Amino acid sequence: IQLRSGELAFPAQFRDAEGTPHSCFIFSSDGGDTWTISPPAIPAKPPTSESQLAELADGSLLLSTRDESRSGKRAWSRFAWKGDLSKGTWSEPWFAVPDPTCMASLVGHPKGMLLFSNPNSAKQRVALTIRESADDGKTWSDGRVLDPRRCAYSCMTVLKDGRIGVLYECGDKSDIETLTFARFSLDWLHGGERKR
């Protein structure tokens with residue numbers, strides 16, 4: 001993503017000397033000529049991977065991460081900074097939203113809310129669900145099921161017309177069989193029109 005201040009940033013991960021994965025982000029303040037890695041969002045336990053990054057209203061960054069301890073919840077942390085990304089600090093992590101240890105998607109909408117997609121289960125990759133947060137990720141709606149079948153990785157984007165596009169893995173039986181693209185409006189998310 002490009003931050004309002006101009007920096008480029010993307011979620012990443014690394015493994016420490018013991019091989020434990022840690023989620024973080026990488027950023028550039030010079031248009032991509034040089035890059036700097038942040039400290040790990042959660043330096044101790046649990047191990048984390050496959051994160052997503054969104055800029056919040058106050059300019060801080062929200063990181064949503066896959067919890068490799070298989071807790072059944074998504075791990076979250078907030079990175080606060082002023083003026084220099086290399087001098088920011090992470091909040092204490094919190095754990096919210098059921099998650100079966102799966103990659104998920106997090107995106108900020110121009111209308112101010114955050115949107116999140118993942119399988120809606122603590123153990124199984126089923127029922128891809130879209131959730132909304134109006135308080136910078138502190139709390140999340142119960143969401144709306146986009147696809148009740150087996151579902152796994154997903155990636156959302158905001159389209160030019162304000163609708164949300166989501167590309168995701170899904171299948172009918174015991175395996176993930178296909179990639180599917182769906183579009184939906186905020187009205188659909190709030191219980192209105194059908195997705196297309």
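The values are calculated or read from the model by the stated rules, or taken from the named source; none is laboratory data. Because the structure is a prediction, the values reported are computed rather than measured. Cβ sites come from the backbone with ideal geometry, for glycine too, and all protein chains shown count toward neighbours. Surface accessibility is based on the protein's heavy atoms, side chains included, excluding ligands, DNA and RNA. Shrake-Rupley method; radii C 1.70, N 1.55, O 1.52, S 1.80 Å.
General remarks:
- R0 of 25 Å, Cβ-Cβ distance His190-Ala57: FRET efficiency to nearest 0.05: 0.75
- Taking each DSSP H run with n ≥ 4 as -39500 (n - 2.57) and averaging over every residue of the chain yields -500 deg cm²/dmol at 222 nm.
- Val158/Ala122 FRET efficiency (R0 22 Å; Cβ-Cβ; nearest 0.05): 0.20
- The aspartates and glutamates whose alpha-carbon is closer than 20 Å to the alpha-carbon of Lys123, local same-chain residues fewer than 8 away aside, are Glu50, Asp67, Glu68, Asp99, Asp142, Asp147, Glu169, Asp172, Asp175, Glu177.
- Accessible area per residue for the stretch 147-192, computed on protein heavy atoms with a 1.4 Å probe, is 55 Å².
- Listed values for the stretch 147-156 are Karplus-derived 3J(HN,Hα) couplings in whole Hz (6.51 cos²θ - 1.76 cosθ + 1.60, θ = phi - 60°), namely 8, x, 6, 4, 9, 9, 5, 9, 9, 9, and x replaces Gly and Pro.
- Among the listed pairs Lys111/Lys138; Lys45/Lys138; Lys87/Lys160; Lys45/Lys82, those beyond 24 Å (Cα-Cα): Lys87/Lys160; Lys45/Lys82
- Treating r as the C-beta distance of Thr178 and Thr36 and R0 as 35 Å, the FRET efficiency rounds to 0.35.
- Remark: the Ala134-Lys87 segment gains 14.2 nm on full extension, using 0.36 nm per residue and subtracting the alpha carbon distance.
- Each label point was placed 7 Å from the Cα along the Cα-to-Cβ direction; for Leu8 and Ala80 their separation is 3.0 nm.
- Projected onto their three principal axes, the Cα atoms of the stretch 1-158 cover extents of 43, 42, 26 Å, largest first.
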